[in-house]
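The values are calculated or read from the model by the stated rules, or taken from the named source; none is laboratory data. Bear in mind the structure is a predicted one, so any value in this text is a computation, not a measurement. Ideal geometry is used to build each Cβ from the backbone, glycine not excepted, and the neighbour counts take in all protein chains shown.
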Amino acid sequence: MASINILRDIYSGNFTVTERPTPVAGDMRIGWGQSLLLLLLASSRSQKCSLQKVHFLAHLSRTAASRQLTRDVLARTKEPKDLSIRVEPWINRAAAFAIANGYVSTSGKQLQLTESGKKAAAALQREEVLAEERDFLQAVGKLATEQVVEHIMKMEDF
Amino acid sequence: MSLSVRHIRLRANTSAGLYGTDIDLDGGFTVLHAPNTSGKSTVLHAVLYALGLEQMLSPKRGRIPLSFTMRTHVEDPDTEQQHAIIESYVAVEIENAAGERLTVKRYVKADIDRKLVQVARGPQLTAGGQYERRDYFVLDPGAAQREIGFHHMLARFMDWDLPIVKRYDGKDCLLYIETLFPLFFVEQKIGWTTIPAAIPTQFQIRDVHRRSIEYLMGFDTHEIELKRQDLDLKINALRQEWTSTIASIEAIAGAAGLRVLGLPKAPTSMGDDVKASFLQVFVDGKWSNLDQHLAALREELAKLQDQDIPEVEGLAEEARLAVDQLNREIQHLNGLRNELFRERQAETVQLASTQRRIEHLKEDLQKHKDAKKLKTLGSTIGRDLSPHHCPTCDQLLDDVLLPQGTIEAVMTLDENIEYIDAQRRTFERLANRSVAAIHGLDLELLNTGEELRQKTIRLRALKTDLIAPSHAASASFIEEKLRIEHRVELLSGSRARFEQQIVRLCEHAETWTKLLEDKTNLPDDRLSASDKDKLNMLEASIRSQLGAYQFITFSPAALTVSQDTYRPEKEGFEIGFELSASDTIRLKWAYQLGLLDVAMSSDTNHPRFLVMDEPRQQEAAELSVAGLFSEAARVAGMGAQILIATSERLESVEAALRDKQCQLIRFDGRLVRRLDETAAP
C-alpha cells in the first residue's frame, strides 16, 4: 500500500490508463473449439458421442504429446493410468454454440451431428485446418468406443 | 510455327449401331453453334484427349476428360433410348506450318491401352486413303522426351524446340506441352478461371506461368531467366556447403578441446577473412592462441631433449614440493569441474523447458492460424464458426470459450498470432543462447578433464621418483618429455586438419565470388527491347479489344501488362476482385486473343491457333459477343485458326457474323448422333 502511495506522489500529472487486450489460448477460440467438436463427432460411430467421450477425446487431441500418448494407450503399448484426463469446461461452451448454430443436437447425455453439422464437418475435413487434430481423430475415433473410454476412465484393462 | 485442326471425328460403336459426329474445319475462323448440353465441350475435350493433353485438366492420370457419351453409353437423340458402348475412339486431323497433315487417333473404350496414340502420316479423315502408321504413347514418363513419346513427336511437328526448365526440387525438366496449350485452348471446365491461363502446376516447374508465356511469345528473357534460376540454385547449394564445412571445422576443434575464432559463418568472397580465422587452446584457466602455445611447447620439449635423464637422488626435494603443489591443483580442478557440471545441468534443464515452451507456442500458433482460416471458411459452410454475436440472443460475443465477461478485452486473432510469434522468437533466441552456453561448458569440461588426467599421471611419476632407489633414472622427467611430445602431436594434428578445411573454405570463397559476379553480370533489365515491344503490342491489342467489348470497370487506357508477371494490371496493381464477372470474362477474351494478335505480326512460338469454349459464360452481354466475333474475324483474317463454340441465340450469332469471313457450323440437337451406313467407321 505504502508503495502505491509513493507512486501516486510521483505521478502527479494527468495520466490515463489504457486497457490492453489479453491474449487467449488458441483452443479457447470459439471457432477452434466448435470445429474440434464437429471433427470429433464426425469421427465417431453414427456421428454421435457421449459427453464423457467428448471430454475424453477433446482433452487428448489438444497437444502432440497427448495425441501420441492416446495412440499408444489404444495400441496397448502404454497403460490407461499413463493418460491424464480432464473435463474441459470450454468444450461444454463450444457444444452450446454448436447447438445454437444448428450443427449439433443433444439428447440428454449424448451429442450428435445434425445434417448441416455433417456438411460442415465434411467441409472442415477437406480443408487444411486442424489437420493434426483431424488425422488424430480419424485414426482413433473408431478405436475409442464408448466401452473402451469407460474402461480407460476406470483405469481398467480393456 | 503453326498448328491447325482440320477435322474432328468422334465414334462410338454401340449395341444399336454406330454413333458419332464429324466436324470439318476450314482452318480460319469457325463458330460451332449448338444448344446447351448438346456435347460441344465433349467435341473440344476430344481434341485435347486425342492429343494426350488430359493432364492439362486434371493432375490425375487415367481420368478421361470426356462425358459418358464417349465412355459408357450413348443416348439416342431421336428415341431417347440408351445404348451401351462397345468401342469408342476420337480422331483429329492436324496440319502444321509446312502444310503437312497428321491423323491422330486415340481409343476411349476399347481393349487397346489408352496410353497408345495411333498416328497416320496423312489427311486420312478429310481425304481418306492409306498412310504410313505408327503408334506413340502418352502420359507415361518420357512421353515428352523419348522418340516414341507422342508429345515429343507433336512438338517436332509443330516446330517447337521445348526448353529445359528448373523444377522446385532443383532438377531439370522439359517445359511440358500441357503447360503451353492452356494459353490458346480455353476449355470450359477450368479454362475461364484465370489470366493468363489455368496452367497445370503438378509438374512442379518453377514460375511455370512466366516460363510458359515467355516461351510461347518467344521472349529473349527466357534464356536469361533460366540462367538466373540456375545461378540461384548454385548459390543456395554453396551456402549449404559452407555451413557444413564450418560444422566440420568446429567438430575438429571441439574434439581437441580447441575453439575457433574469426570464422565467417555465412559465405563471403573475402578469402583473407577466412584465412584470418585462428584456433585457441585452453591453458591454465584461460584461452590463448594455439600457435603461440605450440611454439612454447616445442621450445620446452627441445630443452628437455637436450638434457640427459637425471637420477632421482638430486630431485627428491624438488619432487616433494611438486607433489604438494600438484595435489592442491588437482583438488582445485575437481572443485572447478563440479561447478561446471552443476552449471551444465542447470543450463540443460533450462534448455529443455525453453524447448517445451517453444513447442507449446508452436502448437498454439497453429491453433490460431486454424482459427483464422476458419473465419473465412465459415461463410462457405453456412453459419459462421466464430460468430461476433450470440446465435441465440444476438448479444455481442468475445471470441473466447470462457464465461463471457471473464476477460475485459480479448486479443483479436491477428494480434494474438503476432503476440505468440514474438514470444516464440524470444524463446528461440533463449534456446540458442543455452545451446551455445552448453557447448562452451562442454569444451571447458573436456579441457579441465584432460588437464586433470595429465596432472594425475605427472603425480604418479613424481611419487615413483620419491620411492625409487637413489641412482634410478627419473620417471617424472621421462613422463614430462613424453607428455609434451604427445600434446604437440595432438595439437599439430588438429591444426593441420583445420588448415585443410580452411583451404576448402577459401575455394568456396572463390566460387562464391564467381557466382556473385555472374549474377551481377546478368542484365538488370529482365526484358530485351524486342520483348518489351511484344508486351506493348499485347497491351495495345488488349486495350483496343476491351473498347470493342464494352469493358466498363475502368477505362481500357488504364490497363497495362506487367513486365514481371505478364498479367494485366491497373496502375501497377494486379487486377483482381474489383472486376465485375462479365468484365473478367471480357479481359480473358482480350488477353487470349491479344497473344494471338501479337503472334500474327512478330516472331513467336505461338501456334497461331485459338480455341474458346463457350466464351459467353452466362456473364458477358450479347453485344460484347458480337465484338468478340468481329475481333476474332480480324485476327483470323491474318492467317490464324480460331474456333469458338457457343450456344448463343442463333439469330444474334448470325447477325454478328454477317459480312464476316467465317465458317458457321450448326447443330440443332446433340452432336453425337446415329450414323448411317455411308459414314466412315
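Structural remarks
- Test: residue in region B:466-485 that is surrounded by 15 or more Cβ atoms within 10 Å (Cβ to Cβ), under 60 Å from the mean Cα position of the chain (by Cα) and hydroxyl-bearing (S, T, Y): no
- Which numbered condition B:R433 fails, given (1) more than 9 Å from chain A (Cβ to nearest Cβ); (2) under 31 Å from the mean Cα position of the chain (by Cα); (3) surrounded by 12 or more Cβ atoms within 10 Å (Cβ to Cβ): (2)
- Filter result for B:L351 (more than 8 Å from chain A (Cβ to nearest Cβ), crowded, with 16+ Cβ neighbours inside 10 Å and either farther than 17 Å from B:H439 by Cβ or in contact with a strand residue (DSSP E or B) (Cβ under 7 Å, 6 or more places away or on another chain) (or both)): no
- Any chance B:I542 is modelled with pLDDT under 90, farther than 30 Å from B:D306 by Cα and in contact with a helix residue (DSSP H, G or I) (Cβ under 7 Å, 6 or more places away or on another chain): no
- Residue match in region B:354-376 (condition: more than 10 Å from every other protein chain (Cβ to nearest Cβ), among the hydroxyl-bearing types (S, T, Y), closer than 28 Å to B:I438 by Cα and surrounded by fewer than 16 Cβ atoms within 10 Å (Cβ to Cβ)): no
- Selection count where residues are under 18 Å from A:D27 (Cβ atoms) and buried (at least 18 other Cβ atoms within 10 Å of the Cβ), scope region B:381-397: 3
- Looking only at region B:573-604, and only at residues there that are closer than 18 Å to B:S562 by Cα and of a type in the set (S, T, N, Q), the one that is surrounded by the most Cβ atoms within 10 Å (Cβ to Cβ): B:Q592
- Filtering B:Q81, B:Q118, B:Q124 for residues that are in contact with a strand residue (DSSP E or B) (Cβ under 9 Å, 6 or more places away or on another chain) and loosely packed, with under 13 Cβ neighbours inside 10 Å leaves a single hit, B:Q81.
- Flag if B:H222 is at pLDDT below 85, in a helix (DSSP H, G or I), more than 28 Å from B:G440 (Cβ to Cβ) and of a type outside the set (K, R): yes
- Near pairs, Cβ below 7 angstrom, 6+ apart or cross-chain, from region B:314-339 (free of Cβ contacts under 8 Å to residues at least 24 places away in the same chain and part of a helix (DSSP H, G or I)) to any residue that is surrounded by 12 or more Cβ atoms within 10 Å (Cβ to Cβ) and basic (K, R): none
- Selection status of A:L51, surrounded by 15 or more Cβ atoms within 10 Å (Cβ to Cβ), within 14 Å of chain B (Cβ to nearest Cβ) and touching a strand residue (DSSP E or B) at 6+ places or on another chain (Cβ under 9 Å): no
- Filter result (within 14 Å of another protein chain (Cβ to nearest Cβ) and either of a type in the set (D, E, K, R) or in contact with a Cys (Cβ under 6 Å, 6 or more places away or on another chain) (or both)) within region A:85-118: A:E88, A:R93, A:E115, A:K118
- Enumeration of residues in region B:278-295 that are surrounded by 13 or more Cβ atoms within 10 Å (Cβ to Cβ) and of a type outside the set (F, W, Y): B:L279, B:Q280, B:V281, B:V283, B:S288, B:N289, B:L290, B:D291, B:H293, B:L294
- Filter result for B:S386 (closer than 30 Å to B:L321 by Cβ and either part of a loop (DSSP other than H, G, I, E, B) or within 14 Å of chain A (Cβ to nearest Cβ) (or both)): no
- When the test is whether a residue is more than 14 Å from chain A (Cβ to nearest Cβ), part of a helix (DSSP H, G or I) and over 45 Å from the mean Cα position of the chain (by Cα), B:E450 passes it.
- Within region B:155-168, considering residues that are charged (D, E, K, R) and within 14 Å of B:D232 (Cβ to Cβ), the one surrounded by the fewest Cβ atoms within 10 Å (Cβ to Cβ): B:R167
- Within region B:636-681, the set of residues being of a type in the set (D, E) and under 26 Å from B:R71 (Cβ atoms) comprises B:D668, B:D676, B:E677.
- Residue within region B:410-428 that is within 14 Å of chain A (Cβ to nearest Cβ), surrounded by 14 or more Cβ atoms within 10 Å (Cβ to Cβ) and part of a loop (DSSP other than H, G, I, E, B) present: yes
- Residue in region B:467-485 that is farther than 30 Å from B:V281 by Cβ, assigned to a helix (DSSP H, G or I) and out of contact with any Phe, Trp or Tyr (no Cβ under 8 Å at 6 or more places or on another chain) present: yes
- The residue of region A:126-148 that is surrounded by the most Cβ atoms within 10 Å (Cβ to Cβ), among those that are within 11 Å of chain B (Cβ to nearest Cβ) and assigned to a helix (DSSP H, G or I), is A:E133.
- Matching residues in region A:68-84 - criterion: being within 18 Å of the chain's Cα centre (by Cα), surrounded by fewer than 19 Cβ atoms within 10 Å (Cβ to Cβ) and either basic (K, R) or away from chain B (no Cβ under 14 Å) (or both): A:L69, A:R71, A:S84
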